1. What pairs come up if the first residue lies in the range 136-148 and is closer than 14 Å to ALA203 by Cβ, the second is polar (S, T, N, Q) and not in a helix (DSSP H, G or I), and their beta carbons are under 8 Å apart, counting only those six or more places apart or on different chains?
2. Which of the residues belonging to the range 381-412 are over 21 Å from GLY120 (Cα atoms) and surrounded by 24 or more Cβ atoms within 10 Å (Cβ to Cβ)?
3. Search the range 419-430 for residues that are over 17 Å from LEU89 (Cβ atoms) and pair each with any residue that is among the charged types (D, E, K, R) and open to solvent by less than 10 Å² (accessible area, probe 1.4 Å) when their beta-carbon atoms are under 7 Å apart and the residues are at least 6 apart or on different chains.
4. Within the range 263-382, which helices (runs of 4 or more DSSP H) (wholly inside it) include 2 or more residues that are more than 25 Å from CYS187 (Cα to Cα)?
5. Within the range 387-400, is even one residue at pLDDT 95 or above, assigned to a helix (DSSP H, G or I) and among the β-branched types (Val, Ile, Thr)?
6. Which members of the range 404-454 meet the condition of being touching a helix residue (DSSP H, G or I) at 6+ places or on another chain (Cβ under 7 Å), among the hydroxyl-bearing types (Ser, Thr, Tyr) and in a loop (DSSP other than H, G, I, E, B)?
7. Cβ contacts < 9 Å: first residue without any contact (Cβ under 8 Å) to a residue 12 or more places away in the chain, restricted to the range 263-279; second residue open to solvent by 10 Å² or more (accessible area, probe 1.4 Å), any location; separation 6+ or different chain. Result?
8. Looking only at strands (runs of 3 or more DSSP E) that fall completely inside the range 104-198, which ones have 2 or more residues that are open to solvent by less than 10 Å² (accessible area, probe 1.4 Å), in contact with a strand residue (DSSP E or B) (Cβ under 6 Å, 6 or more places away or on another chain) and β-branched (Val, Ile, Thr)?
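The values are calculated or read from the model by the stated rules, or taken from the named source; none is laboratory data. This structure is a prediction, so every number in the text was calculated from the model and none was measured. Neighbour counts are summed over all protein chains in view; Cβ atoms, including those assigned to glycine, are modelled from backbone coordinates with ideal geometry. Remember, those area values only see protein heavy atoms, side chains included, never the ligands or the DNA or RNA. Shrake-Rupley method; radii C 1.70, N 1.55, O 1.52, S 1.80 Å.
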Amino acid sequence: MAARASRKLLRDFLFKRACAAPVACARHCSSAAQTAPKIPHFSKKGRLLTAATLGLVIGGGAYVSTVDEATFCGWLFSATKIVNPFFALLDAEAAHRLAVSAAARGWVPREKRPDPSNLGLEVWGRKFSNPIGLAAGFDKNAEAVDGLLSLGFGFVEIGSVTPVPQEGNPKPRIFRLREEGAIINRCGFNSEGIVVVAKRLGAQHGKRKLDETTSSSSSGEEVKPGGKAGPGLLGVNLGKNKTSEDASADYRQGVHTLSQYADYLVINVSSPNTPGLRMLQGRKQLKDLVKQVQGARDEMQWGEEGPPPLLVKIAPDLSKEDLEDIAAVALALRLDGLIISNTTVSRPESVCKHLVASEAGGLSGKPLFDMSTNVLKEMYILTRGKIPLIGCGGVSSGEDAYKKVRAGASLVQLYTAFAYGGPALIPQIKAELSECLERDGYKSISEAVGADCR
């Protein structure tokens, strides 16, 4: 069986590669919603990357015939480390686009191994096979949801999505600080808009339903439990347009158009790259906004599962008073959750020595870890553990994820570490997190949530 899988993988890869050019050309003539994500042209560098990928496939074909599927799966994830250095040769945004395109086309390993049993948990009545998710910002336009979920994430968050398409800020707008494991970005909600994203998510949702129907009528195979987009769960992060004068109208429009495809929704009021956005974190502004967005969600018709949970993503650059105000609003309005946190506009001392430190934008990655984790812990205490929190900021190992959990996070997201480490980082973090739980005597991830706050 493993040998057949290898041959199929090689055949599919060669077929896709041979057809890539004509297919792209044909799709270029169709509507924007149906246009497949384009792979940038990189001449010699691109050919080197293709050759390396093809070499991995051929080498894997020879290797897989002698091993079981789980072993081969592990080999594929480890082999992606060979490709990662090629992305470092590219401009940061070009590398990002190439990574999204590869995931959209299925040119990434698919996780076939079950997650450690102690990582499974239930939040908002939804079952997660593991608490490790991909933060918003990587797949802004829902181009690669299936490919990203197949990597083994417990959930993937797309967006931020704005009502009207917008280009975002001028390029260059993404700057690497590789030595610090960090990135500075000022993308500014570059988005293809909710109409395009809705069509993509609708197509994926339809495919999922078809797979479920086909599977239920077949002789034995079960569809893996998950959310509306596949085996993992899907979050949809909503943003506002830069020129919009009515923020609540933008978020309400996003809810009406996209919530039917989401396992949870996020109001992003904390990006530092959209003028005036962070002012929405004020007590009165946030209370009014959440009320209106909750109303927009609740006025829609929902089935047995009910409406998707609504979360707010906040900044790490907040005072104690700001955090108290947000906690009060969250408790009073029974908000379903908070994501802590977005990028920071501050520049820790370790970052200041780099030339790009003076670039405007939000800093993410390892330098953000302590700041975001402290805010996470403070918010867990302020909300008395009554509201599920997602810890985000600087996670690059299972130990980091475990610290977020102990600080109060039910779920954990990463982005920058994934951009640097690639697919191999995901099973590594899950294995390390599982080991941390066993080391400290926890039978499940839920038992460890908020352990440092008790």
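1. Qualifying pairs under 8 Å: ASN141/SER191.
2. Result: GLY393, GLY394.
3. Once the first residue is over 17 Å from LEU89 (Cβ atoms) and sits in the range 419-430, no partner that is among the charged types (D, E, K, R) and open to solvent by less than 10 Å² (accessible area, probe 1.4 Å) comes close enough.
4. 283-298, 320-332, 369-382
5. no
6. TYR442, SER444
7. So the pair list comes out as GLY276/ALA247; MET279/GLN285.
8. 155-161
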